[in-house]
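Chemist: For reference, the structure I am asking about is given below.
The values are calculated or read from the model by the stated rules, or taken from the named source; none is laboratory data. Quantities reported herein were computed from a predicted structural model and do not represent experimental measurements. Here the Cβ positions follow ideal geometry from the backbone for every residue, glycine too, while neighbour counts run over all protein chains shown. Areas reflect the complete protein model, heavy atoms only, side chains present, ligands, DNA and RNA absent. Shrake-Rupley method; radii C 1.70, N 1.55, O 1.52, S 1.80 Å.
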Amino acid sequence: MSLRPTLETRKATPTMEGAGVHLHRAFGFQDPSELDPFLLFDDFRNDVPDHYLQGFPWHPHRGIETITYVLNGSVDHGDSLGNTGSLGAGDVQWMTAGSGILHQEMPKGNANGQMHGFQLWANLPSSLKMTAPRYQDVQGKEIPEIIDDDGTRVKVIVGSFWGKNGPVDGIAADPQYLDVYVPAGVKKTLPVDTYRRAFAYVFEGSGAFADASAPTGVLLEKEVGGAELNIRDMSGDRTLVRFGTGDSITVQAGEQGVRFLLISGAPIQEPVAWHGPIVMNTQAELQQAMRDLRNGTFIKAAH
């Protein structure tokens with residue numbers, strides 16, 4: 001067994017999207033090879049309705065897949081093909097934009113006005129950029145949860161883990177998408193396929209993600225009061241942890257336990273031409289998408 005080293009630990013950055021939705025972005029609109037096949041990850045969490053109710057009005061997507069996972073509140077969605085629906089707490093939607101779709105996503109809070117969800121963008125390979133759009137809406141009750149003897153809980157949203165298969169399938173990136181909770185004080189090693197890019201996103205509690213040279217946490221050098229000190233990094237709320245190669249990751253949960261998404265996928269390793277919600281392989285394809293939007297041919301007829 002080879003533990004994946006921690007390449008980077010960083011906090012998600014506050015930003016605004018849509019019609020004024022306040023959210024935190026863990027990564028996106030930067031080097032697309034860093035976490036290939038994944039392009040962007042947003043944490044939209046808020047308890048101030050004015051900061052999310054305007055939502056994400058009609059906008060296009062082409063060449064990618066979007067994955068929305070709701071923890072609190074709900075997200076109503078509709079698209080140019082006539083599809084409509086609502087994602088509630090615990091539900092997941094995997095949308096393959098393919099050749100093109102126009103859609104809107106409108107978040108609503110729960111009874112206490114709280115809204116919390118995540119959206120991940122996954123790239124499509126060139127062979128599937130112009131595939132027909134499709135949706136997979138999955139209710140939370142359909143997502144298997146595994147409880148280990150030490151109290152560790154894992155919801156398997158996509159992929160296979162500990163003998164369970166997630167309900168979302170047929171995804172180009174062949175990803176693994178897990179919602180993991182490790183109880184306070186527990187140290188846990190979790191397998192990750194060697195050939196996948198992988199990251200964790202901590203959204204509750206704290207934990208130290210270890211590499212082989214620092215099994216009780218990531219050893220960092222920091223200057224404190226003019227002195228260089230070695231400290232253990234305890235990755236906390238809204239923290240992205242990017243891993244190197246290996247076949248497992250280890251986390252030591254903090255005093256309140258730790259909950260995180262563990263996501264991995266097979267890299268596509270193709271050129272990326274990217275403009276907002278449209279991701280193609282070449283500038284010519286990107287320019288064609290812009291022309292399609294202008295002349296009303298962005299939505300392709302079903303075959």
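Chemist: Under 18 Å from the mean Cα position of the chain (by Cα), open to solvent by less than 50 Å² (accessible area, probe 1.4 Å) and within 21 Å of LEU35 (Cα to Cα): which single residue out of GLY159, GLY170 fits that description? Reasoning before the result, please.
Modeler: On the way: GLY170 fails: open to solvent by less than 50 Å² (accessible area, probe 1.4 Å).
One residue alone meets the criteria, GLY159.
Chemist: Hey, can you tell me all the residues within the stretch 19-32 that are free of Cβ contacts under 8 Å to residues at least 60 places away in the same chain and either open to solvent by less than 70 Å² (accessible area, probe 1.4 Å) or in contact with a helix residue (DSSP H, G or I) (Cβ under 8 Å, 6 or more places away or on another chain) (or both)?
Modeler: Of the residues in the stretch 19-32, the ones free of Cβ contacts under 8 Å to residues at least 60 places away in the same chain are 19-20, 22-23, 25, 30-31.
If the condition is that a residue be free of Cβ contacts under 8 Å to residues at least 60 places away in the same chain and either open to solvent by less than 70 Å² (accessible area, probe 1.4 Å) or in contact with a helix residue (DSSP H, G or I) (Cβ under 8 Å, 6 or more places away or on another chain) (or both), then ALA19, GLY20, HIS22, LEU23, ARG25 are the ones that fit.
Chemist: Give the residue that is farthest from PRO37 (Cα to Cα), with candidates limited to residues of the stretch 247-295 that are open to solvent by 50 Å² or more (accessible area, probe 1.4 Å) and among the β-branched types (Val, Ile, Thr).
Modeler: Taking the candidates together, the pick is THR282.
Chemist: Moving to a separate point now. Show the residue pairs meeting these rules: Cβ distance below 7 Å; 6+ apart or different chains; first residue within the stretch 135-162 and in contact (Cβ under 8 Å) with a residue 60 or more places away in the chain; second residue among the β-branched types (Val, Ile, Thr) and part of a loop (DSSP other than H, G, I, E, B).
Modeler: From the stretch 135-162, the pairs are ILE157/ILE143; VAL158/ILE171.
Conditions (1) surrounded by 20 or more Cβ atoms within 10 Å (Cβ to Cβ); (2) within 26 Å of THR6 (Cα to Cα); (3) among the aromatic types (Phe, Trp, Tyr); (4) touching a Lys or Arg at 6+ places or on another chain (Cβ under 8 Å), marked per residue:
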{"site": "GLY140", "(1), (2), (3), (4)": "no, no, no, no"}
{"site": "ARG153", "(1), (2), (3), (4)": "no, yes, no, no"}
{"site": "ASP179", "(1), (2), (3), (4)": "yes, yes, no, yes"}
{"site": "LYS187", "(1), (2), (3), (4)": "no, yes, no, no"}
{"site": "TYR195", "(1), (2), (3), (4)": "no, yes, yes, no"}
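Chemist: Between a first residue in the stretch 123-134 that is β-branched (Val, Ile, Thr) and a second residue that is surrounded by 15 or more Cβ atoms within 10 Å (Cβ to Cβ), which pairs have beta carbons less than 6 Å apart while being 6 or more apart in sequence or on different chains?
Modeler: So the pair list comes out as THR131/GLY98.
Chemist: What number of residues within the stretch 43-80 satisfy the criterion of being open to solvent by 20 Å² or more (accessible area, probe 1.4 Å) and in contact with an Asp or Glu (Cβ under 6 Å, 6 or more places away or on another chain)?
Modeler: Summing the residues that are open to solvent by 20 Å² or more (accessible area, probe 1.4 Å) and in contact with an Asp or Glu (Cβ under 6 Å, 6 or more places away or on another chain) in the stretch 43-80 gives 1.
Chemist: Follow-up. In the stretch 81-105, which residue that is touching a Phe, Trp or Tyr at 6+ places or on another chain (Cβ under 7 Å) and open to solvent by 10 Å² or more (accessible area, probe 1.4 Å) is farthest from PRO267 (Cα to Cα)?
Modeler: Here the answer is ASN83.
Chemist: Quick check: anything in the stretch 109-116 in a strand (DSSP E or B) and surrounded by 20 or more Cβ atoms within 10 Å (Cβ to Cβ)? Show your work before the answer.
Modeler: Quick first cut of the stretch 109-116, residues in a strand (DSSP E or B) only: 115-116.
Those left that are additionally surrounded by 20 or more Cβ atoms within 10 Å (Cβ to Cβ): 115-116.
Yes - at least one qualifying residue is present in the stretch 109-116.
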